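J.: Pasting in a structure now, in structure tokens, and then I'll have a few things to ask.
The values are calculated or read from the model by the stated rules, or taken from the named source; none is laboratory data. Because the structure is a prediction, the values reported are computed rather than measured. Reconstructed Cβ throughout: ideal geometry from the backbone, glycine too, with neighbour counts over all protein chains shown. Accessible surface areas use protein heavy atoms only, side chains included; no ligands, DNA or RNA. Shrake-Rupley method; radii C 1.70, N 1.55, O 1.52, S 1.80 Å.
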Amino acid sequence: MKISLNWLNEFVNLGGIDIRDIVSRFSLTTAEIEGYEIKKPKLDAVVVEILTCEKVATSNKLSKLTITDGKKKYQVACAAPNVRVGLKTAWANVGTKVLAGIESTGMCLGADELGMSNLHESIIELDSSAKVGAPIAEALPFICDTIIEIDNKSITNRPDLWGHYGIARELACIFDRELKPLKKTSLTDIALLPEVPVKIESDLCQSFGAVKVKNITRKVTPLEMQARLFYLDINPHGFLVDLSNYIMLEVGQPNHAYDGASSVRLSASKGLRDGEVFTTLKGQVIKADMAEEMLFIKNNGSAVALAGIMGGQESGINADTIDAVFEFATFDSGSTRKTAAGLGIRTDASARFEKSLDTNLNLLAAERMVYLLNKYDKKASPASKWSYKTTRETKPIALRVDTAYVEKFCGVKFIWKDIIKKLTALGFEPTMVFPSADALDVVVPTWRATKDVTMQADIIEEIVRTYGYDKIVPMPPRVDVEPIAQPVKKVLVNRLKDALANVHGLQEVHTYIWSDTPSKLKVINSCIKGCDYVREALGPSLLSIIAKNGQARIFEIGQVVSNGKDEHRHLGICVPSYAELASILRALFGAKFKIGEFAGVAGFHPKNNATVLVDGKAVGCIGVAVDKDVAIAEINIDGLDPTRVNGGGKTFAAPSKYQKNHLDFTFEYDGVYGDIESAFDKFKHPLNMGFRLKDVYNKSYTLEFTVGSYEKTLTAEDINDIWSKIIEFGRKNGLTLKQ
Amino acid sequence: MEKELKALKTLADCQAFHAKYLGKSGEITKQLQGLKDIEPSKRATRGAELNILRRETEEKLFKIQHDIEAAEANAKLMNDPLIDVTNPLTYTARPSGPGVTPGGLHPITQVIREVEEIFAGMGFIIEDGPEIATEYECFDALNCPQEHPARDMQDTFWLSDGRCLRTQTSAWQNHMMKKYGPEFRAICPGRVFRNEALDARHENTFFQCEGMMIGKDISIANLIYFMKAALTAVFKKDINIRLRPGYFPFVEPGFELDASCVFCKSGEHCPVCKSSGWVEFCGCGMIHPNVLREGGIDPTKYQGFAFGFGITRLAMLKYDLNDCRWFNSGNLEFLQGGTK
């Protein structure tokens, strides 16, 4: 939102304060300022007086003028309709050229050429007291301004800051300056006039007020008002429309004007009549069937405005309006937001109503508007009394804050009389509860009481932000020292990543959680069409990295879903060699494999694939990805024991002091080694100290058994016994000893 | 025709079928050509029917062909030798020697590790939450009711089952409070998602780190202390921090935290802080009483602070990158890094 410094100065004297201080103190106390811009006249113009004026015969628009800047006379051709002798206007010496056969030096300027409005029908009309030859900024001081831009997101919780007066109140508090009262014309002491009938027929309208004004003759908006609106990105249209916008930007109350030539009976209610069609000012058509939950303003029963959002095409005022009815209302924030978002229309009005406005703003804005109307159009006068209905009036909130708690919460010892002064400047009414002074009673002003300040923590924020966050001294807390057990899942991930990167030489990658492989869970509002399934595996993402980079050694640990609901953490690995992949998993988890279970799975080699087993439990799969010719692993690591990663979790025991013997057996078997291994894993004998595969040749597997005892040196009988038991155990399991 | 489709066994069968129905003089093609002789009033309907038939038949045939091809390719692969991965002697050594790129951790992981070590050193638990969140976890439990405008502030990826991809690591706050509360301190680094168009400064997938500390008398002064200590450790320089008012529904009061810029060189324009001397670093605040209550913690007895900062942004600052898209690019030349 843009804010004019000139406008603020009308309510709080900020003289002598550097703009950079305003920006920084406001940012530190209230809300973020995105930047500021200095406005100056676009051209280097001075005040001139028209001495002679005659129509140019060869042109139907041009006049030939003689002007003076006090030092010299110039001849100027000008097409404006309002040229006349004696008029003081703005002129810039931009060089001499010939127009319609007339030599013309410089140009007389309109408001648009000075960069302060979009209007260009006429040249500037200055007051007769303007000093000829003076720079234009002296005659029109408001042409120079500083426009501050506040980050809208940082004031979503502050409905009171959506107008200049609210910002002025903050600055008055920050810089300890006086906030001037808003000049208004009271509407409550003109009770003798008739009412404008207003009616609230839906809870979505919290309050609804109207006032009629007659004899409005002014059409052109005063230049100062034009400049302020224009600098804040609102193009001037005409006096009444501009005034309506001006009031909104000044006090934050959106409002609407209706032509008052015929009788006006206003009401706020939901929905449209059967067959009724409402067309917004911007041409959006709303039919009765879509309007059931929308709030409308109706005049004599017909919808004339989409409440809080936008007027209709036929409701408004026009250039001929002499009598007008002004509406000031408060609408439900949630409903305004929903309707506006649903229709995709966001206006300055809806942005404000969405923040939950104070119902007391209605009368304030109306009284300010009548004051300004009168100021600029002496003949205009109220033709009705203030006609007002309310269903949910905003009331001040009374809160009590515990001073000791506030100090503990902030970690600061406050000087409470300073705090009371700051809160008062913001419109709060704080009273220390005596004699103990252990609590502060605070009445929250209505403009902060709609939802922003409703509890003790909110008051604490007011106290500490106006005190100054920068004055808080950092302090370590006092805490009990306790051992901290870091969550197992996190430890597992860290250990795996270290082993994969450092021991196995793999590069970690990150890929997106969505994929183009269909799954049961979909992102419904993805901007990436076709790639909006929540992935069930990391594999496809890793393969796409291989496709981009060529052969590589990569891994990812990331989230996937199964059954369209359960989230799991997977480890995916991609390396060129299938045999190496298996050895990585053996090293990482002590994994074992069961071959051939993924024969039918798309992309997997029908033969070279296997289930990965950890402690006998299937946790994933490995295989050769056929089209990329790489090996890929996909392991669900939920529930794996981090202490055992990469050979961890070992036990240690003193070796036997007696000699061990190694016995070799070569078995013939037409199958994979895993079968032999799982068979001999079950072999039990008191002297068995384990076995390993020593050699494989042509379906002949040589196993080396270690045999020994902790109690004695083995005798020939001992060895013979276990020797024959091993051979027999092999035979029972289909393994023939090679002779 | 359906029966014939089912009977197709080889690619040659498929070709024959195509010629019979869909080829230049196939039956469907002929009927389409014959449309011009049909009474004009019926032509449009019949034409539409035929076109649908042609398209559907083509699709079915294509799928059958595809399946046959896949089966044939599979049959061929069955001739490949079996690699016995159950045999520990079947081993290919990891490539080594000069020219071989060593493995490495993703740059984001390295930054997360650093942050984790700093906070673990200060006695924080390192938590780890899921990436899919319920609406309750991501919004309701964080004091953002249905109508709350804060729900608009984040562009959420919604899932078909009503859940969402978490837009902030704060989605794990409720869980942490229930698991460790009422008195604890923990951080939760993780990946978050926002429905945004990608550009150099915006990713739809990036990393954040959430932090919480709750106790009987945790204060704003404590929050400032921890953030200053943590940032000083991260940047290995004495960092000043300042708080500004910030609005986040789950804290009250809420702050924007700025860190003094470590990149400014005297006399030069600083592109990082635009020579303001301050870098916007994170959102933080005192945990809102409603959020504590949702987490099963009595706000009249306990209070605490929470913060959330961007790990991805921190990584960009640390590695002096001006495009956040590199992290998810899968570009190995980038990920493997270099030496300075």
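J.: For the pair A:Glu224/B:Ala197, report the inter-label distance in nm, with labels modelled 7 Å from Cα in the Cβ direction.
T.: Result: 4.3 nm between the two label points.
J.: Computed over the Cα atoms of chain A, what is the ratio Rg over Rh, Rh following Kirkwood?
T.: Numbers: Rg = 41.8 Å, Rh = 34.3 Å.
Rounded to two decimals, Rg/Rh equals 1.22.
J.: If you scale each eigenvalue of the Cα gyration tensor by 5 and take the root, what three semi-axes come out for segment A:488-647, rounded to whole angstrom and sorted largest first?
T.: 23, 18, 16
J.: Can you work out the base-10 log of I(q)/I(0) for segment A:382-484 at q = 0.19, 0.23, 0.24 1/Å, using the Debye formula on its C-alpha atoms alone?
T.: Evaluating at q = 0.19, 0.23, 0.24 Å⁻¹ gives log10 I(q)/I(0) of -0.94, -1.25, -1.33.
J.: Okay, next question. Between A:Gln75 and A:Asp112, take the C-beta separation as r, use R0 = 30 Å, and let me know the FRET efficiency to the nearest 0.05. Please report the intermediate quantities before stating the final value.
T.: Working: r = 23 Å, r/R0 = 0.78.
So the FRET efficiency works out to roughly 0.80.
J.: In terms of the Cα gyration tensor, with a ≥ b ≥ c the square roots of its eigenvalues, is segment A:415-471 rounded because a/c is under 1.5, prolate because a/b exceeds b/c, or oblate? Working shown, then result.
T.: On the way: a/c = 1.68, a/b = 1.15, b/c = 1.46.
Here segment A:415-471 falls in the oblate category.
J.: Under 4.7 Å Cβ to Cβ, no partner at all: give me those cysteines from chain B, in residue order.
T.: For chain B, the answer is B:Cys14, B:Cys138, B:Cys144, B:Cys164, B:Cys188, B:Cys209, B:Cys282, B:Cys284, B:Cys324, because their Cβ atoms have no other cysteine Cβ under 4.7 Å.
J.: Which of the GluC sites (Glu not before Pro) found in segment A:216-286 are in a DSSP loop and have at most 16 neighbouring Cβ atoms, other than their own, within 10 Å?
T.: When the GluC sites (Glu not before Pro) of segment A:216-286 are filtered for loop state and at most 16 Cβ neighbours within 10 Å, A:Glu276 remain.
J.: Expected output is a single nm value to one decimal: the length gained when fully extending between B:Asp323 and B:Lys265, i.e. 0.36 nm times separation in residues minus the C-alpha distance. What is it?
T.: 18.7 nm
J.: Can you tell which of B:Asn290, B:Asn143, B:Asn51 shows the greatest fluctuation in a Gaussian network model of chain B with Cα springs below 10 Å?
T.: For chain B, modelled as a Gaussian network with Cα springs under 10 Å, the answer is B:Asn51.
J.: Now a separate question. Over segment B:2-77, how many percent of alpha carbon pairs lie in each 5 Å bin up to the one with the longest distance?
T.: Per 5 Å bin, starting at zero, the Cα-Cα P(r) for segment B:2-77 comes out as 3, 15, 22, 20, 14, 10, 7, 4, 3, 1, 1, 0 percent.
J.: Go through A:Val220, A:Pro430, A:Cys53 and say which Cα lies farthest out towards the positive end of the charge dipole of chain A; charges sit on Cβ, +1 for Lys and Arg, -1 for Asp and Glu.
T.: A:Cys53
J.: Same structure again: Counting only helical runs of four or more DSSP H residues, what would the 222 nm mean residue ellipticity of chain B come to if each run contributes -39,500 (n - 2.57) and the total is spread over all its residues? Please report the intermediate quantities before stating the final value.
T.: On the way: 12 runs with 129 residues, N = 340.
Counting only the DSSP helices, I get -11500 deg cm²/dmol.
J.: Can I ask one more? In a Gaussian network model over chain B where Cα atoms closer than 10 Å are linked, find which of B:Ala12, B:Ala141, B:Ala197 has the largest mean-square fluctuation.
T.: Answer for the Gaussian network model of chain B: B:Ala12.
J.: Ratio of segment A:222-311's C-alpha Rg to 2.2 N^0.38 Å, to two decimals?
T.: 1.25
J.: Under 25 Å Cα to Cα from A:Lys725, which lysines show up? Leave out anything in the same chain fewer than 8 places away.
T.: The reachable lysines, counting only those whose Cα sits under 25 Å from A:Lys725, are A:Lys657, A:Lys660, A:Lys682, A:Lys684, A:Lys694, A:Lys699, A:Lys712, A:Lys738.
J.: Order B:His202, B:His269, most accessible first, counting only protein heavy atoms with a 1.4 angstrom probe. Before the final figure, lay out each step's value.
T.: Details: B:His202 75, B:His269 130 Å².
Result, largest first: B:His269, B:His202.
J.: Give me the inter-chain shielding for A:514-527: mean count of other chain Cβ atoms within 10 Å, whole number please.
T.: Going residue by residue through A:514-527 and averaging, the value is 4.
J.: Here is a follow-up. Once the dipole of segment A:198-390 is set up with Lys and Arg at +1 and Asp and Glu at -1 on Cβ about the Cα centre, which of A:Tyr371, A:Ser262, A:Thr330 lies farthest towards its positive end?
T.: Sorting the options by dipole projection puts first A:Tyr371.
J.: Please give me the summed charge of the neighbours of A:Arg692: other residues whose Cβ is under 11 Å from its Cβ, Lys and Arg +1, Asp and Glu -1.
T.: -3
J.: So which of A:Lys199/A:Lys375; B:Lys265/B:Lys318; A:Lys565/B:Lys60; A:Lys88/A:Lys375; A:Lys180/A:Lys421 end up more than 25 Å apart, counting from Cα to Cα?
T.: Flagged as over cut-off: A:Lys199/A:Lys375; A:Lys565/B:Lys60.
J.: OK, next. Using a 1.4 angstrom probe, figure out how much accessible area chain B has per residue, in square angstrom, rounded to the nearest whole.
T.: Result: 47 Å² of accessible area for each residue.
J.: Take each of the peptides A:636-648, A:430-442, average the number of other beta-carbon atoms within 10 Å over its residues, and list them starting from the highest. Don't skip to the end; give the middle numbers.
T.: Working: A:636-648: 16.6, A:430-442: 14.1.
Order by mean packing, descending: A:636-648, A:430-442.
J.: What is the distance in Å between the Cα centroid of segment B:51-76 and that of segment A:529-567?
T.: So the two Cα centres are separated by 27 Å.
J.: Where does the charge balance sit around A:Lys219 when Lys and Arg score +1, Asp and Glu -1, over other residues with C-beta under 12 Å from its C-beta?
T.: -3
J.: Can I ask one more? For chain B, just the Cα set please: Rg and Dmax, both in angstrom.
T.: Cα only, chain B: 30.6, 91 Å (Rg, Dmax).
J.: Could I ask something else about it? Kindly report, to the nearest 10 Å², the accessible surface of B:Tyr247 as traced by a 1.4 Å probe over protein heavy atoms only.
T.: 40
J.: Roughly what % antiparallel, to the nearest 5, for the DSSP beta bridges in the protein assembly as shown?
T.: 95
J.: Considering only B:Thr92, B:Thr167, B:Thr300, give the residue with the highest GNM mean-square fluctuation for chain B, with springs between Cα atoms whenever their separation is below 10 Å.
T.: Of the options given, B:Thr92 has the highest mean-square fluctuation.
J.: Taking the Cβ of A:Val12 as the center, what net charge do the other residues with Cβ under 11 Å away carry, scoring Lys and Arg +1 and Asp and Glu -1?
T.: Spelling it out: positives minus negatives among the neighbours equals -1.
J.: Continuing with this model, one more query. Calculate the mean, over all residues of peptide B:218-228, of how many other protein chain Cβ atoms lie within 10 angstrom of the residue's Cβ.
T.: 6
J.: Set Lys and Arg Cβ to +1 and Asp and Glu Cβ to -1, take the dipole of segment B:2-77 about its Cα centre, and tell me which of B:Ala75, B:Ala48, B:Leu61 lies farthest positive.
T.: B:Ala48
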